[in-house]
Each structure stands twice: as C-alpha cells, then as structure tokens.
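*Asks:* First, the structure itself, so that you have it in front of you.
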Amino acid sequence: MYTVLFLSTGIFIGVVIWQLVVWLGEIRDKDKKYEVAAAFAQKVGKPLLVAGGPFGTYRVRRLLNMPAHGNGDVCLDVVCCAFTGHPRGVIADVTQIPFSDKAFGAVFASHLLEHLPIIDDAKRALAELNRVAEAVFIAYPSRQSIGAWLKREHHLWIWQEGDVTYIEQRGNSGDKNMEEYRGQICQKSTFITENVLRGRSVKKEVRDD
C-alpha cells in the first residue's frame, strides 16, 4: 500500500514539474516573440499590431490587471474586454482585418489561431496577418501541454518547423486533417532575437530565419 502511494505521489509530482516546465517554456517563447516583434516594428518605423487582446476572455486577468503580453500600438480582437483600456483597440475578425496592406511593421498573435474552427480559417488569418504587416510572429500552445489538450475551445494545433507553419485539425471533424502554410511567418530564434534587438539589418535576419 505504501509503495503504491509513494509511486503515485512521485508520478503526480513528476507530471506537475513537467507541466510547469512546459508552461514556462510557452511563456518564454511568447515573451521573446513579442519583444522581437516590437523591436522589428520600431526598426522599420511602423506601428505594432497585436492580434488577440492580452486579457482574453479571462475575467481574473482583468481584475488583477495581469495581461498575458504587451498591447502593441494597435490591438485587435473580436471582443472589447480582451483589450480593456487600450486607446487603440479595434473589434474585428482576424480573418478580415480592416487595415491597408503593410500598414504595420509587425504583427504579434499569441494563442489565437488554435481558437479558429477550421484549417481554412487559420490559413485566411495567416494570409491577412501577412497582408497588413511586414513581419508576422505567432505564439501557440505546446502539444506537451495537458491543459491545451483539455481546452474544448481549441479546434486546431499550430506549430512551426523551419519555414513552414503546420495547421492540424483536432478530432475527426472536417475532411482536412493537416495542412502546411508557407507564407512568411517568423520563428523566434537566438539569432533573430539577438540581432534585431542590437539594431542590425532587420531584413537579413528575417530571410535567414
């Protein structure tokens, strides 16, 4: 009995530590991408668009004033509570962004695309983000996150490998299961982070990344 209890406790602690590491990794990735997106926008002399408000639909974030990331110069979401207090908040759908081509230096979208219902919607959103900004930075849940697997409002898996962004439909809904998006979506890397923030040539880093 004590052996089973000991093993169960050990497994539970191990899972908690594992999930904490995954969560901290997501936060670090998100924060770095926002930092580079902001630096990129400043470098090219255009505003930063944030797609997906930093408060989301979580009331506790608003009550405690704990945004998940920065606001950017302009913030876009389908609900106004997601960008509470932002002087330039815009209610709009990410698949139909109401701005002109290349109006922004960069756009940052964090934990947004996985909420879209189908793969085609995510591809339209990525195309719109590319249309309105010089560079696009996206953050997304890790497939190692148990919480991400349990969230019913997540309909897609998003991840990046090299120059390709992959979009996978969760469950068995729809005819399409996974597709590739080959538009210019920047991945965070040590090279691009260090060099953009040091003020070197922005265009070269994006191509090399």
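*Asks:* Amide H neighbours of Ser145 under 5 Å, counting only residues 5+ apart in sequence or on other chains, H built in-plane at 1.01 Å?
*Replies:* Those qualifying (amide H under 5 Å, at least 5 residues apart or on another chain) number zero.
*Asks:* For a test of the definition: using alpha carbon positions, the gyration tensor, and the 1.5 limit on a/c, classify region 52-113 as rounded, prolate or oblate.
*Replies:* Prolate, because a/c is 1.5 or more and a/b exceeds b/c.
*Asks:* Could I ask something else about it? Measure off 7 Å from each Cα along the Cα-to-Cβ vector at Val16 and Tyr166, then give the distance between these two points in nanometres to one decimal.
*Replies:* My value for the distance between the label points is 3.2 nm.
*Asks:* Among the GluC sites (Glu not before Pro) in region 134-169, which ones are in a DSSP loop with at most 11 other Cβ atoms within 10 Å of the Cβ? Mind listing them? The partial results should precede the final answer.
*Replies:* Working: sites: Glu134, Glu153, Glu161, Glu168; in loops: Glu153.
Taking region 134-169 and a limit of 11 other Cβ atoms within 10 Å, the loop GluC sites (Glu not before Pro) found are Glu153.
*Asks:* Shifting gears a bit: Quick one: order Arg61, Arg88, Arg152 by neighbouring beta-carbon count within 10 Å, fewest to most.
*Replies:* Arg152, Arg88, Arg61
*Asks:* Please list, ordered by chain and number, the residues whose modelled amide H lies under 5 Å from the amide H of Val50; skip anything fewer than 5 residues away on the same chain.
*Replies:* Here the answer is Asp73, Val74, Cys75, Leu76, Phe108, since their amide H atoms fall under 5 Å of that of Val50.
*Asks:* I've got another one for you. Could you please rank Tyr181, Tyr140, placing first whichever residue has the fewest other Cβ atoms within 10 Å of its Cβ? It would help to have the intermediate numbers written out before the result.
*Replies:* Numbers: Tyr181 19, Tyr140 22.
Lowest count first: Tyr181, Tyr140.
*Asks:* Let me ask something else. Could you tell me which of the pairs Lys33/Lys102; Lys43/Lys151; Lys46/Lys151 are separated by over 28 angstrom between their Cα atoms in the structure shown? Present the calculation step by step, with values, prior to reporting the outcome.
*Replies:* Values: Lys33/Lys102 19 Å; Lys43/Lys151 37 Å; Lys46/Lys151 35 Å.
Result: Lys43/Lys151; Lys46/Lys151 exceed 28 Å.
*Asks:* Here is a further query. Amide H to amide H, which residues 5 or more places from Trp159 or on other chains are under 5 Å from it, using H placed in the peptide plane?
*Replies:* Those lying under 5 Å, H to H, from Trp159 are Tyr166.
*Asks:* While we're on this one: What nm distance separates the two modelled labels at Val44 and Ala92, each placed 7 Å from Cα along Cα→Cβ?
*Replies:* Label-label distance for Val44 and Ala92, simple model: 1.6 nm.
*Asks:* Taking the 0 to 90 degree range and rounding to the nearest ten, how far is the long axis of helix 119-132 tilted relative to the main principal axis of the chain, both from C-alpha atoms?
*Replies:* So the helix axis and the longest Cα principal axis differ by about 40 degrees.
*Asks:* From the helices alone, meaning DSSP H stretches of at least four residues, give me the mean residue ellipticity at 222 nm for the chain, per-run term -39500 (n - 2.57), in deg cm²/dmol to the nearest 500.
*Replies:* Values: 6 runs with 83 residues, N = 209.
Result for the chain, helices only: -13000 deg cm²/dmol.
*Asks:* Across all directions of projection, what mean area in square nanometres is found for the Cα convex hull of the chain? Could the numbers behind the result be given before it?
*Replies:* Numbers: hull surface 56.0 nm².
Taking a quarter of the hull surface, the average projection is 14.0 nm².
*Asks:* While we're looking at this one, here's another question. On full extension of the chain, what length is gained from Thr9 through Thr57, given 0.36 nm per residue of separation minus the C-alpha to C-alpha distance? Can you show the working numbers first?
*Replies:* Working: separation 48, 0.36 × 48 = 17.28 nm, distance 3.40 nm.
Between Thr9 and Thr57, full extension yields 13.9 nm more.
Where a number appears in this text, it was derived from the coordinates with a stated rule and is not lab data. In this text, all values refer to a predicted model and were calculated from it rather than measured experimentally. Counting neighbours? That spans all protein chains shown, and the Cβs are built from the backbone with ideal geometry, glycine included.
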